[in-house]
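Enquirer: Take a look at this one; I'll ask things after.
The values are calculated or read from the model by the stated rules, or taken from the named source; none is laboratory data. Since the structure is predicted, the reported quantities are computational estimates derived from the model, not experimental observations. Only protein heavy atoms, including side chains, enter the accessible area calculation; ligands, DNA and RNA are left aside. Shrake-Rupley method; radii C 1.70, N 1.55, O 1.52, S 1.80 Å.
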Amino acid sequence: MRIGFITPTLHTLGPRWQRDPQIVKLAVPTISGYLYEHGYEDIRQYDFEVEIFQLEAEEPGRLDLKVFFDDDNVNAYLQGEEIPEIHAQVELILGTLQVEEADVFALSTASVLEIYADMHACGNINLCLIYELKKRYPDCTAIVGGLQISPDSLQREEYLQMLRRCDQLDFVAEGKGEPALYAVIKHVEGE
């Protein structure tokens, strides 16, 4: 079972992102350790805070995450309409991260800043990435988790909206990621 984690972040949009120390996201290493402990060893992590930050440092302005704040354009893209600015950014992200085929892709909507608009935009990034990943690898399974909306009561509706907006999204994980992703993997394996 090949598992790929993608963890977008919007730090590059901040006016001081190059000078601010990055807050390390621990969910993926924690979930990876849990899966590894249960026998899943083919795990890859594609983290914006490495390759994407390097891209922005070397080619400032080429990355334009602001396109993911426009829900109308994102929704149109998810319905198969040609939205060149979104498609170009999706291709840039996947190419920069060098995303390889996986059986399960787990994507995070976590935002260190915990600002709703940022988390929603991270969700939009994930949905657009999933849309393209499903075109490339039609048999893969996609799951999204990591929402940290306050109050917690808003999380379920945001996840349901993601499922309604993106037919290619297979699962969402509300709450702790370890048991949710493990259950999805077992489901994919037919157990």
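Enquirer: In Å², what does the accessible area per residue of region 59-191 work out to with a 1.4 Å probe?
Expert: Counting only protein heavy atoms, the per-residue value for region 59-191 is 47 Å².
Enquirer: Among the aspartates and glutamates, which have Cα under 18 Å from the Cα of residue 66 when same-chain residues fewer than 8 positions away are ignored?
Expert: 49, 56, 82, 85, 91, 114, 118
Enquirer: Considering only protein heavy atoms and a 1.4 Å probe, what is the carbon-and-sulfur percentage of the accessible area of region 55-191? Please list the in-between numbers first.
Expert: Values: 3090 of 6490 Å².
In region 55-191, the share of accessible area belonging to carbon and sulfur is 48 percent.
Enquirer: Would you calculate the volume per residue, in Å³, of the smallest convex hull containing every Cα atom of the chain?
Expert: Residue-normalised Cα hull volume stands at 113 Å³.
Enquirer: Moving on. Subtract the Cα-Cα distance of residue 100 and residue 85 from 0.36 nm times their separation in residues, and report this length gain in nm to one decimal.
Expert: 3.1 nm
Enquirer: At 0.36 nm per residue, and after removing the present C-alpha to C-alpha distance, how many nm does the segment from residue 167 to residue 76 gain when stretched out fully?
Expert: Answer, rounded to one decimal: 31.5 nm.
Enquirer: Just reorder 136, 165, 156 by solvent-accessible area, largest first, 1.4 Å probe, all chains present. Walk me through the intermediate numbers first.
Expert: Working: 136 85, 165 35, 156 140 Å².
Listed by decreasing accessible area, they come as 156, 136, 165.
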